[in-house]
Amino acid sequence: MKQQIDPKLYGLPPRTVLMKRGPDEFILVINRKSRIIMKDALTILKRAEKIKEKVLNALVMVETNAPVCSKSIKFLKDSGIGVETVPEK
């Protein structure tokens, strides 16, 4: 079961939507219509690194309803961050 947690606990901006599933699994939720490009992927990587500084062996995933650039998917995957696209509600 996913539960929303306070991103400030991990040094993230307060507008970040952060969910936790299990003790070491974190999900960054991005809800928007515009495409996720490499600039966004770099921001996601920085946020994931902040989480991993606080929680060793943390698994970070991105859940989004926006289209994701193929370069960004490859970059995040190579960095150990999974990307999951979900349909809009």
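What to note about this one:
- For Ile30, the residues 5 or more places off, or on other chains, whose built amide H falls under 5 Å of its own are Glu63, Thr64, Asn65.
- Under 5 Å between amide hydrogens, built in the peptide plane, is the criterion, and for Ile36 it picks out Val68, Cys69 among residues at least 5 positions away or on other chains.
- Residues in segment 58-82 reached by a label modelled at Ile37 [backbone nitrogen below 15 Å; 7 Å Cα→Cβ]: 67-73
- The string of couplings for segment 75-83 from the Karplus curve (6.51, -1.76, 1.60, θ = phi - 60°) is 4, 5, 4, 5, 8, x, 10, x, 10 Hz, one whole number per residue in order, with x for Gly and Pro.
- Sulfur and carbon atoms: percent of accessible area, the chain [1.4 Å]: 55 percent
- Couplings 3J(HN,Hα) of segment 21-29, computed from phi: 10, x, x, 10, 10, 10, 10, 8, 9 Hz, in residue order, whole Hz [Karplus 6.51 cos²θ - 1.76 cosθ + 1.60, θ = phi - 60°; x for Gly and Pro].
- Solvent-accessible area per residue for the chain (1.4 angstrom probe, square angstrom): 66 Å²
- Counting only heavy atoms of the protein chains and using a 1.4 Å probe, Ile37 has close to 80 Å² of accessible surface.
- Under 19 Å between alpha carbons - lysine pairs in the chain that sit 8 or more apart or on different chains: 24
- Given their separation in residues at 0.36 nm each and the Cα-Cα distance between them, Val29 and Lys74 gain 14.4 nm when the chain is fully extended.
- Residues whose amide H lies under 5 Å from that of Leu59, counting only those 5 or more places away or on a different chain, are Glu25, Phe26; hydrogens are built 1.01 Å from N in the peptide plane.
- Helical contribution to [θ] at 222 nm, DSSP H n ≥ 4, -39,500 (n - 2.57), averaged over the chain, rounded to 500: -9500 deg cm²/dmol
- The HN-Hα couplings worked out from phi for segment 55-63 by the Karplus form 6.51 cos²θ - 1.76 cosθ + 1.60 (θ = phi - 60°) are 10, 5, 6, 6, 9, 10, 10, 10, 10 Hz, whole numbers, x standing for Gly and Pro.
- Assuming charge only on the beta carbon of Lys and Arg (+1) and of Asp and Glu (-1), the dipole of the chain about its Cα centre is about 280 debye to the nearest 20.
- In the chain, inverting the average of 1/r over every pair of distinct C-alpha atoms gives 13.1 Å as the Kirkwood radius.
- For the chain, the residue among Gly82, Gly22, Leu45 whose Cα projects farthest onto the positive side of the dipole built from Cβ charges is Leu45.
The values are calculated or read from the model by the stated rules, or taken from the named source; none is laboratory data. What you see is a predicted model, and the numbers here were worked out from it, not measured in a lab. We place every Cβ from the backbone using ideal geometry, glycine too, and count neighbours over all the protein chains shown. To get the accessible areas, we keep the full protein, side chains included, count just its heavy atoms, and leave off ligands, DNA and RNA. Shrake-Rupley method; radii C 1.70, N 1.55, O 1.52, S 1.80 Å.
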